[in-house]
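Asks: Before we start, here is the structure in question, set down as structure tokens.
Each reported figure results from applying straightforward, stated rules to the coordinates on display, with no laboratory input. All values reported here derive from a predicted model rather than from experimental measurement. Virtual Cβ from ideal backbone geometry, glycine too; neighbours counted across all protein chains shown.
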Amino acid sequence: MTDAATAAAGDPRQLDPLAREFTGGRFALFDLYRANVQSGGGAVLEGRVFTDCVIEGPAVMLALEGVRFEGVNFGQTGGDMRNMLFRPMSGQMAIGSIPVRNCTFRNCQFQTLGITGPDELLNVLVEQVRTTD
Amino acid sequence: MTDQTPTPAMSAEEAAGRALVARTSFEKEAVWLPSLAVQHWNAGQTAIDGKTFTDCLIEGPAVMAVMNGTVFDSCTMGTTSDMRNLLYRPVGRDRMAGVVGVSNCRFVRCRFAQVGFTGSDELLDELAGIQTVTAAASGSSRA
């Protein structure tokens, strides 16, 4: 069963995809990623700070090194963090996910996002994050 | 006295989205999968269901949850020599957040770009068995 949302995706025209800091915005991660690529920002979202943002999917975030989650509401997980986690079957590539490196998510709200990454990260998230819904 | 509460008019953008959701076939066009999913969600549908895509480019970034009745016929699943680079095993067993659910859909001679796949263990094992992009393009798979 998939986890659906009713909210529309944010308007990418209102985003500066190359901004280093995003505060208080509401946007779809796939919109930001595509705009970042089209603006020459590369295929990885890197070195950004997101504060008080609502970040929507559908998207699976590939959390690479240096990604920090501080006070994040990870969204509806059915009370089990594992329901938003995915293990890449290859240790080499994870095609289809959105790579994020050296980014901080502070007091953000995730909606219909999944997370993938190395086993160590996934294990930490399962052990340390408690979800309520 | 009758209740004549006015109904808000649907915006042109919303009307276009609903029209997209109502379509059952797509042919020779590019389909941005995450956007199509959002249009379905906004229409109250949790999955993309019962559509046929023929000779389409299916674009991500997105991870597709391949659900019952979905068929891939002579598709190019992605630019990789190892199908496992496209596959994700869900850690949880009850729900899957962040993915695009697709059920009872047929993909014929489609090309997927930046799209990963997840689903049941049986599906993943079947897809992982495809050796190369070339092999994927010449084979078919049923979920």
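Asks: Name the residue from B:Ser103, A:Phe27, A:Thr131 whose Cα lies farthest towards the positive end of the charge dipole of the protein assembly as shown, charges +1 on Cβ of Lys and Arg and -1 on Cβ of Asp and Glu.
Replies: About the Cα centre, the residue reaching furthest to the positive side is B:Ser103.
Asks: Averaged over every viewing direction, what's the projected area of the C-alpha convex hull for the stretch B:60-135? Give it in nm², one decimal, please.
Replies: Convex hull of Cα atoms, orientation-averaged projection: 4.7 nm².
Asks: Continuing with the same structure: Tell me which GluC sites (Glu not before Pro) from the stretch B:12-80 have a DSSP coil assignment and no more than 16 other beta carbons within 10 Å of their own.
Replies: Sites meeting the loop and neighbour criteria: B:Glu29.
Asks: Please report, to two decimal places, log10 I(q)/I(0) for chain A at q = 0.12, 0.15 Å⁻¹ as given by the Debye formula with identical point scatterers on the Cα atoms and no solvent.
Replies: -0.42, -0.68
Asks: What is the dipole size for the protein assembly as shown, taken about its Cα centre, with +1 at each Lys and Arg Cβ and -1 at each Asp and Glu Cβ, in debye to the nearest 20?
Replies: The dipole magnitude comes to about 280 debye.
Asks: Hey, what's the Kirkwood Rh for the protein assembly as shown if you take every pair of different alpha carbons, in angstrom?
Replies: Over the protein assembly as shown, the inverse of the mean reciprocal pair distance is 19.0 Å.
Asks: For the stretch B:111-128, in order, what is each residue's ³J(HN,Hα) by Karplus, 6.51 cos²θ - 1.76 cosθ + 1.60 with θ = phi - 60°, in whole Hz (x at glycine and Pro)?
Replies: 10, 9, 10, 6, 10, x, 9, 9, x, 5, 4, 5, 4, 5, 5, 5, 5, 5
Asks: Give me the net charge of B:Val21's neighbourhood, meaning all other residues with Cβ under 11 Å from the Cβ of B:Val21; Lys, Arg count +1, Asp, Glu -1.
Replies: Result for the neighbourhood of B:Val21: +1.
Asks: Using alpha carbon coordinates only, what is the Rg to Rh ratio of the stretch A:52-118, with Rh defined as the Kirkwood radius?
Replies: A ratio of 0.95.
Asks: Let me ask something additional. Can you list residues whose amide H is under 5 Å from B:Met64's amide H, if they're 5+ apart or on another chain and H is modeled 1.01 Å from N?
Replies: B:Val100, B:Gly116, B:Phe117, B:Thr118
Asks: Next question, about the same structure. Residues with beta-carbon under 11 Å from that of A:Thr51, excluding A:Thr51: net charge, scoring Lys, Arg +1 and Asp, Glu -1?
Replies: -1
Asks: Mind checking the dipole of chain B: about its Cα centre, +1 per Lys or Arg Cβ, -1 per Asp or Glu Cβ, Debye to the nearest 20?
Replies: The dipole magnitude comes to about 140 debye.
Asks: Continuing with the same structure: Which of B:Asp94, B:Asp73, B:Asp49 moves the most in a Gaussian network model of chain B with Cα springs under 10 Å?
Replies: B:Asp94
Asks: A further question on this structure: What value, in deg cm²/dmol to 500, does the helix sum -39500 (n - 2.57) over DSSP H runs of n ≥ 4 give at 222 nm once divided by the residues of the protein assembly as shown?
Replies: It lands at -5500 deg cm²/dmol.
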